[in-house]
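Enquirer: Just passing along the structure, written as structure tokens.
The values are calculated or read from the model by the stated rules, or taken from the named source; none is laboratory data. From a predicted model like this one, the values you see are computed outputs, not experimental measurements. Cβ sites come from the backbone with ideal geometry, for glycine too, and all protein chains shown count toward neighbours.
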Amino acid sequence: MKSQLDAIFRPKSVAVIGASTRKGSIGRETLHNILLAEFNGKVFPVNPKAQVIHSIKAYSTILDVPDAVDLAIIIIPKQFVKDVVKQCGEKGVKGIVVISAGFSEVGPEGKKREMEVLEVIHEYDMRMIGPNCFGVVNADPQISLNATFGKTYPKCGRIGFITQSGAMGEAIMSHAKELGIGFSVVASIGNKADISSNDILAYLKDDPHTDIILMYLENFGNPRNFTRIAREVSRIKPIIAVKSGRTKLGAKAASSHTGALAGLDVGVDALFEQTGVMRVDTVEELFDVAAALSNQPVPERNRVVVVTNAGGPGILVTDALINSGMEMPPLSPMTINKLKKFISAEASFSNPMDMIAGAGGKEFKLTLDAVKNDKRYDSIIPIFVPPVTINQLEVAKNIYESLKDTPKTVLACFMGAGEGSQGIEFLKEHNIPVYIFPEAIAKTLATISNYKKWLNKPKGKFKTFKVDYEKAKKLIDDAIKNGEKAIIGDQAIEMLAAYGIPAAGYKYAFSPKEAASVANKIGYPVVMKINTPPILHKTEFGGVIVDLRSAKEVKDAFNELKKRVGKLKKDEKFSVAMQQMISGGIETVMGMIIDPSFGPLIMFGLGGIYVEVMKDVSFRVNPLTDEGAKDIIRSIRSYPLLTGFRGALPVDLSILEETLLRLSQLVKDFDCFSSIDINPFIASPDREKCKAVDARFLLKECVLS
């Protein structure tokens, strides 16, 4: 991969095919940018109608160029691209960037045109970025390549940037320059016909000039490859991503309980959580996190101290930090004793440490000197609201002098300092990021803290259990053969049993008297469900009655359910399925839904109000590792209820983890399910009582294997 993409990002010679003499044209501006950046290599304009462009000899075709060419930038009408790419192959060019548009982004005809170009790329063993892209940049002074048609050449830095949108690429480079943030490599990947974000991620992993990777994504080409590559890269270099296009999974998802819970793009969230990618919602947040990571160390833990000269911002940042899952331990007695020697008695000796409005540079330095050595904290937030009487630059210099040698993370806020503040510029020049509002610091620290937690997690292993694969296959084949769209009832319980998932079995009754007899054998209390006629959504239909404690209650329930069903079809005889009611546990929900982009997503949550009203569920992309199973359980908000809340005994978490892993294996083994619901699965302190009570498996439109 490195040798292939070096031809694009570290070329020794570049040909601009479609270079133009017309000012304002993309061909002219791209060549102009290459020259303006002082590219450290040979440049060859290619244009059949011009002899000289930008005072450089031009060539009629790439084949006329006398020297070897590493990279060709193609900016010509779409209908000529294929033939020109073929000429590049004959010339021995290894890297192609097609800026020209009019391909898959415009519809089927364009897609066909794109595939024809791609065939030529493969035929000559070349690699291509685009088509329909903005171009590429390598700001390394040894390369100095700006092969884009934008107005901005970024400052050299150690951040790699991948964007699907050319317009966003231009805007982000421009804003980064204003903020003083530099890039190593910028890649606008356009239609991703050949080279995708996955390829560039893998390339940047080994790039010695890149420490951090930013991504602007609109869709994923191959999510499974992304999972593998991003998980590996994130452990070496942090990845921060803006993923636009939040959409619902689609109407078909609503046919399943699990699908109905998969509202917005949970697949993206799950994928990023599993791979350590830091997802942010806006470009502004992208830069907030990038500024922190490129200038400050990653804090070991999430403990923060705030030092401020104004109470309001201190309260704002406290609320934001706590709501984001950060911790703000109180100042230690030793630190308070130091502070009382020089800070006014009117100050608040707590966290946040409010020095009151009169505090200036001297007070900031003395206070920060005291708190920076307090072992209770991993991050320090100085917040300064400048009064007219206090010099901003002096405060900034004192903040820097105090904290320049600390190993802790320092993120500052100069609230209301105004544009062009000398204090802000001074801190930025000395690698202390400055934010306009304190809430942005809280969100930034929370994002980085979650990344640190991910780094500290074990990688996890994929487990394989001994299961009855043939039994499960027969259940599926029989259902398909009979034209059924779902596996429910007894067959669903058998499916669970085939994969070692404990489940409460059914016994059947065709009359009130038989139902009472079955209940006596099972043992009260019991649950009764309609068995015939088959009903997919029994609970919604009112086809389930629980907690029946006597023969009379059982008989009455039988008659009530029969009444709810109404008239039966010819040859149908009403029957019920009965189970012993499992008590003393917590209802959980497990399932699977197919995401159109990411494939199977495994779901876990608590049952009852937590799933129906609060939708407190978590999703992960299949397959799960053992650590992934633990993580999906712990990520729900109501997780404390499983661990023994207010004196209750904790449930057996190991059986929940194992059940999720067995479900993951079932989903991996069979690609015929559109969704799976195990609802409820009773979680209990007693392992013997941990069982699935009901399940349903919805089938895709599939054929017998």
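Enquirer: Considering only the stretch 128-140, I want to know if a residue exists there that is of a type in the set (S, T, N, Q), in contact with a strand residue (DSSP E or B) (Cβ under 9 Å, 6 or more places away or on another chain), closer than 26 Å to Val185 by Cα and modelled with pLDDT of 95 or more.
Expert: yes
Enquirer: Can you tell me which residue among Met614, Met603 is over 12 Å from Leu660 (Cβ atoms) and among the aliphatic types (A, V, I, L, M)? Quick ask: steps written out before the conclusion?
Expert: Values: Met603 fails: over 12 Å from Leu660 (Cβ atoms).
After applying the criteria, what remains is Met614.
Enquirer: A follow-up question, please. Quick one: would you say Thr625 is in contact with a Lys or Arg (Cβ under 8 Å, 6 or more places away or on another chain), touching a residue at least 24 places away in the same chain (Cβ under 8 Å) and of a type in the set (S, T, N, Q)? Can you show your working first?
Expert: Working: in contact with a Lys or Arg (Cβ under 8 Å, 6 or more places away or on another chain): yes; touching a residue at least 24 places away in the same chain (Cβ under 8 Å): yes; of a type in the set (S, T, N, Q): yes.
For Thr625, the condition - in contact with a Lys or Arg (Cβ under 8 Å, 6 or more places away or on another chain), touching a residue at least 24 places away in the same chain (Cβ under 8 Å) and of a type in the set (S, T, N, Q) - is met.
Enquirer: Take the residues in the stretch 477-501 that are hydrophobic (A, V, I, L, M, F, W, C) and in a helix (DSSP H, G or I); name whichever of them is nearest to Met590 (Cα to Cα).
Expert: Restricting attention to the stretch 477-501, the residues satisfying the condition of being hydrophobic (A, V, I, L, M, F, W, C) are 479-480, 486-488, 492-493, 495-498, 501.
Still in the list and also in a helix (DSSP H, G or I): 479-480, 492-493, 495-498.
On the way: Ala479: 22, Ile480: 24, Ala492: 14, Ile493: 14, Met495: 15, Leu496: 12, Ala497: 15, Ala498: 17 Å.
Step by step, filter the stretch 477-501, then rank; the result is Leu496.
Enquirer: Here are Lys397, Lys408, Lys481, Lys428: which of them is surrounded by fewer than 17 Cβ atoms within 10 Å (Cβ to Cβ) and either closer than 18 Å to Ala291 by Cβ or of a type in the set (Lys, Arg) (or both)?
Expert: Values: Lys397 fails: surrounded by fewer than 17 Cβ atoms within 10 Å (Cβ to Cβ); Lys408 fails: surrounded by fewer than 17 Cβ atoms within 10 Å (Cβ to Cβ); Lys428 fails: surrounded by fewer than 17 Cβ atoms within 10 Å (Cβ to Cβ).
Exactly one residue qualifies, and that residue is Lys481.
Enquirer: Going through the stretch 361-374 one residue at a time, which ones are farther than 15 Å from Ile424 by Cβ and either in contact (Cβ under 8 Å) with a residue 40 or more places away in the chain or assigned to a helix (DSSP H, G or I) (or both)? Please lay out each step first, then the result.
Expert: The first filter runs over the stretch 361-374 and keeps only residues farther than 15 Å from Ile424 by Cβ, leaving 362-363, 365-374.
Listed by number, the residues that qualify are Lys362, Glu363, Lys365, Leu366, Thr367, Leu368, Asp369, Ala370, Val371, Asp374.
Enquirer: With the structure loaded, tell me whether Gly102 is part of a helix (DSSP H, G or I), surrounded by fewer than 24 Cβ atoms within 10 Å (Cβ to Cβ) and either on the phi > 0 side of the Ramachandran plot or in contact with a Ser or Thr (Cβ under 7 Å, 6 or more places away or on another chain) (or both) or whether it fails that test.
Expert: Here the answer is no, as Gly102 does not meet what is asked.
Enquirer: Something else now. Being touching a residue at least 60 places away in the same chain (Cβ under 8 Å) and either farther than 17 Å from Ile73 by Cβ or in a helix (DSSP H, G or I) (or both) is the filter here; which residues of the stretch 166-205 pass it? Break it down stepwise before answering.
Expert: The first filter runs over the stretch 166-205 and keeps only residues touching a residue at least 60 places away in the same chain (Cβ under 8 Å), leaving 168, 171-172, 175-176, 179-181, 185, 187, 189-191, 193-195, 199-200, 202-203.
Within the stretch 166-205, Met168, Ala171, Ile172, His175, Ala176, Leu179, Gly180, Ile181, Asp199, Ile200, Ala202, Tyr203 meet the criteria.
Enquirer: Could you list, in sequence order, the residues of the stretch 526-540 that are within 18 Å of Glu484 (Cβ to Cβ) and either touching a Cys at 6+ places or on another chain (Cβ under 9 Å) or at pLDDT below 85 (or both)?
Expert: Matches in the stretch 526-540: Pro534, Ile535, Leu536, His537, Lys538.
Enquirer: Which one of Asn198, Asn219, Asn225 is out of contact with any Leu (no Cβ under 9 Å at 6 or more places or on another chain), crowded, with 20+ Cβ neighbours inside 10 Å and more than 23 Å from Ala15 (Cα to Cα)? Reasoning before the result, please.
Expert: Numbers: Asn219 fails: crowded, with 20+ Cβ neighbours inside 10 Å; Asn225 fails: crowded, with 20+ Cβ neighbours inside 10 Å.
Every option except Asn198 fails the conditions.
Enquirer: Cβ-Cβ below 7 Å, separation at least six or inter-chain, first residue in the stretch 526-537 and surrounded by 20 or more Cβ atoms within 10 Å (Cβ to Cβ), second of a type in the set (Lys, Arg): which pairs?
Expert: Lys529/Lys538; Ile530/Lys538
Enquirer: On the given criteria, is Val554 assigned to a helix (DSSP H, G or I), crowded, with 19+ Cβ neighbours inside 10 Å and in contact with a helix residue (DSSP H, G or I) (Cβ under 7 Å, 6 or more places away or on another chain)? I'd like the intermediate steps shown before the answer.
Expert: Numbers: assigned to a helix (DSSP H, G or I): yes; crowded, with 19+ Cβ neighbours inside 10 Å: yes; in contact with a helix residue (DSSP H, G or I) (Cβ under 7 Å, 6 or more places away or on another chain): yes.
Criteria met by Val554.
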